[in-house]
Amino acid sequence: MSGSFEHEALIEATSMQVLFAFLDPEAIKTWWGARNAVVQPRPGGLLVVEWEPGQGGEDEVLGPFGGILAGIVDRSQAGHFLHFGALHWLSPRGESFGPTRLEVHVRSKGDPRQKPTLLRVTGAAFQTGKRWDRYFEITRQGWGKTIQDLKTWCETQAPEQPERHIMGLGESYLAEAILQRRRIS
């Protein structure tokens with residue numbers, strides 16, 4: 001397997017707000033333009049995002065965009081990161097591309113409730129071959145635009161205090177300690 005990409009953006013929102021955007025089905029429907037979304041915001045939880053067939057156009061190699069992206073939340077830490085693994089894209093034609101990974105890392109100057117947040121999104125584990133190479137390129141380019149949509153949503157529509165929605169991620173002691181500014185060592 002080969003191929004990876006990385007995109008970064010500075011977002012005028014807290015780390016908690018940015019992670020919330022990946023974990024709330026209504027948020028995903030808005031910033032990602034999805035028709036449906038199911039998210040279980042916990043390690044081992046499902047992520048399923050569905051778009052209208054043909055949404056976003058069509059590619060001469062892959063056919064229509066849209067379809068379903070499904071995987072699991074395999075690692076997470078409230079205020080710091082989300083890793084989605086075993087991601088598969090089921091195209092409207094019924095072809096499956098996967099598994100791949102998507103890692104979302106957020107950093108805000110020592111407190112995940114302070115603005116701004118540096119977001120880094122990394123995609124990896126793409127296979128090789130003509131169709132896979134094209135899928136990788138479209139995914140890489142697509143995340144450039146998607147991050148701008150995410151940034152706009154976080155800066156204008158994210159709830160002020162999303163902590164209660166995402167505290168189940170990772171070690172609760174560590175997340176609580178960070179949010180309450182307790183010494184961790």
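The values are calculated or read from the model by the stated rules, or taken from the named source; none is laboratory data. From a predicted model like this one, the values you see are computed outputs, not experimental measurements. Positions of Cβ are backbone-derived with ideal geometry, glycine not excepted, and every protein chain shown enters the neighbour counts.
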If you go through segment 78-101, how many residues are modelled with pLDDT under 95, buried (at least 20 other Cβ atoms within 10 Å of the Cβ) and part of a strand (DSSP E or B)?
-> 1
Condition met for residue 13 (buried (at least 21 other Cβ atoms within 10 Å of the Cβ) and either without any contact (Cβ under 8 Å) to a residue 40 or more places away in the chain or under 19 Å from residue 143 (Cβ atoms) (or both)) = yes
Are there any pairs with C-beta distances below 6 angstrom linking a residue in segment 62-87 that is at negative phi to a residue that is among the polar types (S, T, N, Q) and buried (at least 22 other Cβ atoms within 10 Å of the Cβ), with the two at least 6 apart or on different chains, and if so which?
-> 82/76; 87/100
Over segment 141-171, the set of residues in a helix (DSSP H, G or I), at pLDDT below 90 and more than 16 Å from residue 82 (Cβ to Cβ) is 164
Within segment 18-33, is there a residue that is basic (Lys, Arg), at pLDDT 95 or above, surrounded by fewer than 21 Cβ atoms within 10 Å (Cβ to Cβ) and in contact with a helix residue (DSSP H, G or I) (Cβ under 9 Å, 6 or more places away or on another chain)?
-> no
Starting from segment 124-138, keep only residues that are part of a strand (DSSP E or B), then list their pairs with residues that are at pLDDT below 95 and exposed (fewer than 15 other Cβ atoms within 10 Å of the Cβ) whose Cβ atoms are within a distance under 9 Å, requiring at least 6 positions of separation or different chains.
-> 124/1
Give the residues of segment 102-111 that are without any contact (Cβ under 8 Å) to a residue 40 or more places away in the chain and in a strand (DSSP E or B), sorted by residue number.
-> 102, 103, 105
Looking at residue 114, is it modelled with pLDDT under 95 and either outside any loop (DSSP other than H, G, I, E, B) or over 19 Å from residue 6 (Cβ atoms) (or both)?
-> yes
Unmet requirement for residue 55, which otherwise passes all of (1) of a type outside the set (Ser, Thr, Tyr); (2) surrounded by 15 or more Cβ atoms within 10 Å (Cβ to Cβ); (3) within 14 Å of the chain's Cα centre (by Cα); (4) farther than 21 Å from residue 158 by Cα | (3)
Selection status of residue 184, of a type in the set (A, V, I, L, M, F, W, C), at pLDDT below 95, crowded, with 16+ Cβ neighbours inside 10 Å and over 15 Å from the mean Cα position of the chain (by Cα) | no
